[in-house]
């Protein structure tokens, strides 16, 4: 599954259309604690699901080679977060559903591929 | 090669700058992805620690093809109990830091678990964290 496949899931919207969506999705990880993300994400091209709207998410995404970040529960990333994501080529998505529900819809979609 | 950086207190926007610089340096020198991952984790956590806990400090990166040594030093207030600070889940982070996703109490444990050599010295004058990676 690739990041661009997230566009086909109607509950998930892309907020950085300028950024390439060509990276693969190797794994999913959900957390709102950055040190937890740093310490536990093992694979590059992991997608992070979070409600943490902070510029530091982008630094973590770059350092861990995350393939995308999905902001859940209706959280919309702020302008500075979006600007930094574009600069660093990290695709951002937003969804009104929870991170757990988002994992479910992504896994269900992937099983159909 | 030696690179020196200044770290400003409470400047979360800049946090990640040094770790990103080091990552790019290692990528350019074709260091293995596994090592780069460990270096990224340790340097980001150490950088964040200086930003959210100290009055400011600096970072000195000493790179050669065999070894990467990074020293983070700050001007206080120091760590009262290093043993507690090294315990997973223990945190003294401020509300501001917690609101930005920090304060999980995983910073120093993540650093120690990621590097090949680790040293920490602290007094009320400041803290010095030294991390070494064999390349």
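The values are calculated or read from the model by the stated rules, or taken from the named source; none is laboratory data. Because the structure is a prediction, the values reported are computed rather than measured. Please note: Cβ atoms are built from the backbone with ideal geometry, for glycine as well, and neighbour counts cover all protein chains shown.
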* If residue B:12 satisfies every condition in (1) in contact (Cβ under 8 Å) with a residue 40 or more places away in the chain; (2) more than 8 Å from every other protein chain (Cβ to nearest Cβ); (3) farther than 19 Å from residue B:129 by Cα but one, which is the exception? -> (2)
* To do: Test each condition in (1) more than 9 Å from chain B (Cβ to nearest Cβ); (2) touching a strand residue (DSSP E or B) at 6+ places or on another chain (Cβ under 8 Å); (3) surrounded by fewer than 20 Cβ atoms within 10 Å (Cβ to Cβ) for residue A:89 and report the one that comes out false.
  => (2)
* Asked: Filter region A:42-52 for residues that are touching a residue at least 24 places away in the same chain (Cβ under 8 Å) and more than 9 Å from chain B (Cβ to nearest Cβ); which is surrounded by the fewest Cβ atoms within 10 Å (Cβ to Cβ)?
  -> A:51
* Can you tell me which residue in region A:12-41 is surrounded by the most Cβ atoms within 10 Å (Cβ to Cβ), limited to those that are within 14 Å of chain B (Cβ to nearest Cβ) and in a loop (DSSP other than H, G, I, E, B)? -> A:41
* May I ask you to say which residue of B:22, B:48 is under 27 Å from residue A:82 (Cβ atoms), facing chain A (nearest Cβ under 10 Å), modelled with pLDDT of 95 or more and touching a strand residue (DSSP E or B) at 6+ places or on another chain (Cβ under 8 Å)? => B:22
* Structure fact -> Exception for residue A:90 within (1) over 23 Å from residue B:93 (Cα atoms); (2) in a helix (DSSP H, G or I) falls at (2)
* In region A:96-111, is there at least one residue being crowded, with 23+ Cβ neighbours inside 10 Å, farther than 28 Å from residue B:93 by Cα and either touching a residue at least 40 places away in the same chain (Cβ under 8 Å) or more than 11 Å from chain B (Cβ to nearest Cβ) (or both)? -> yes
